[in-house]
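Read the figures in this text as sums done on the coordinates, not as results from a lab. This structure is a prediction, so every number in the text was calculated from the model and none was measured. Virtual Cβ from ideal backbone geometry, glycine too; neighbours counted across all protein chains shown.
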Amino acid sequence: MRTINGTSRVAEAMSQGLWTAAPDMTLRQASTLMAAEYLDMLTVEDDDGHAIGIIAWRTALESVARGMGELPVTAVMEPLREVCHPGDMLDHARTLMAALDTYDLPVCDFEGHPLGIVSFGGAAGDRGRYSPVLPTSFRPSGRGLGGDPAATVH
C-alpha cells in the first residue's frame, strides 16, 4: 500500500472522474442523484463544461424540503472559489480545504474543466469517499438519455 504524504501530488489522491451537475439540473434531480449515489456534493458545470460551483447534498435536500425542488442548482450553489490541479502538492490542497472549511475540493485542468475530487479522506492517506473507478465524466442534466430526465453521460 502506497503512503500519501506531504510530498505527494493531488493526482495521487484524487478520484478519477466525477459526477457533475449541469446548470439546468433541478434541485430535486440533484437530491435524488446524490442520495442514490451516496454523494456529499456535486460540482456544477456551465454549458461549456467549466466548473462554476458546488452544491452540497444538505443544501439540495433542504431546498427541496422548502418547496424549491424545481429551481436549478445554480439558484443555491456555492460559487466556486478555489480548485486545485493534478500537479499541485497535496499539502497545497489541504491548505485550501482548511481555508475554505471544506472536506472536498474539485480538481480541474487549467481550462477549468473538472477532472475529479480530492477529499479530506483522500488527503489523509486513502483515496477518499470517491471511487477511483467512476466514469471519466458523468453529467446529470435535464436533457436525459432514453427519456430519463436525470442523467446524461458525456
With bins of 5 Å, the percent of all Cα-Cα pairs of the stretch 1-123 per bin from 0 is 2, 12, 22, 22, 18, 12, 7, 3, 1, 0
Would you mind checking the stretch 55-77 for residues with the amide N under 13 Å from a putative spin-label position 7 Å along Cα→C-beta of residue 24?
-> 72-73
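Trypsin sites (Lys or Arg not before Pro), restricted to the stretch 48-127: which are DSSP loop and have at most 13 other Cβ atoms within 10 Å?
Numbers: sites: 58, 66, 81, 94, 127; in loops: 66, 81, 127.
Hits after loop and neighbour filter: 66, 81.
What chymotrypsin sites (Phe, Trp or Tyr not before Pro) does the stretch 19-58 have in DSSP loop regions with at most 10 other beta carbons within 10 Å?
Numbers: sites: 19, 38, 57; in loops: 38.
Sites meeting the loop and neighbour criteria: 38.
Give me the extension gain from residue 62 to residue 113: residue separation times 0.36 nm, minus the current Cα-Cα distance, reported in nm with one decimal. Working shown, then result.
Working: separation 51, 0.36 × 51 = 18.36 nm, distance 2.79 nm.
Answer, rounded to one decimal: 15.6 nm.
Between residue 7 and residue 50, what's the calculated FRET efficiency when r is the beta-carbon distance and R0 is 22 Å? Round to 0.05. It would help to have the intermediate numbers written out before the result.
On the way: r = 30 Å, r/R0 = 1.37.
That pair, residue 7 with residue 50, gives E of 0.15.
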